[in-house]
Amino acid sequence: ASAVIAPSLAGIVYRPVGKFYLVGRDEAIELVEVMALSTDNNPARALFLQEFAAGLSAFQQGAWQKAEDTFRNILNYYNHDGPSQFYLALAIQYQTNPPTGWDGIIRFEGK
């Protein structure tokens, strides 16, 4: 979902998953993932969301090794988390081949 509409959706827990330039768009869009109903109080999920936010922040700042370490740690406990797998792969790739002019926004070149 778009981060623009997420705050207006009452009763849900969501996590930011990054900013992206999508094919055919001139402006970046910030996306979120809907996780659960906010009435489902889950302390483990709260820690997971906090850890993911730290990894995403490191990634967006270009701290590739820190991001890699954080996402590896997440995947030790939640091995099927798609966004963590996505960012881990990019963090590893960007350590040897960093994007030029990095601004924290991921660019998709094709569909």
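The values are calculated or read from the model by the stated rules, or taken from the named source; none is laboratory data. Remember, predicted model here, so these are calculated numbers, not experimental data. Counting neighbours? That spans all protein chains shown, and the Cβs are built from the backbone with ideal geometry, glycine included. Heads up: the accessible areas ignore ligands, DNA and RNA and are worked out on the full protein's heavy atoms, side chains in. Shrake-Rupley method; radii C 1.70, N 1.55, O 1.52, S 1.80 Å.
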Within the range 45-75, can you find the residues that are without any contact (Cβ under 8 Å) to a residue 40 or more places away in the chain, in contact with a Phe, Trp or Tyr (Cβ under 9 Å, 6 or more places away or on another chain) and among the small types (Gly, Ala, Ser)?
55, 58, 67
Only residues that are out of contact with any helix residue (DSSP H, G or I) (no Cβ under 6 Å at 6 or more places or on another chain) and either surrounded by 15 or more Cβ atoms within 10 Å (Cβ to Cβ) or of a type in the set (Lys, Arg) (or both): list them for the range 35-51, please.
35, 45, 48, 49
Restricting attention to the range 17-34, which residues are without any contact (Cβ under 8 Å) to a residue 60 or more places away in the chain, touching a helix residue (DSSP H, G or I) at 6+ places or on another chain (Cβ under 7 Å) and not β-branched (Val, Ile, Thr)?
33
Of all residues in the range 55-79, count the ones that are open to solvent by less than 50 Å² (accessible area, probe 1.4 Å) and either β-branched (Val, Ile, Thr) or in a helix (DSSP H, G or I) (or both).
12
Please go through the range 29-44 and pick out each residue that is modelled with pLDDT under 85 and either within 19 Å of residue 18 (Cβ to Cβ) or part of a loop (DSSP other than H, G, I, E, B) (or both).
38, 39, 40, 41, 42
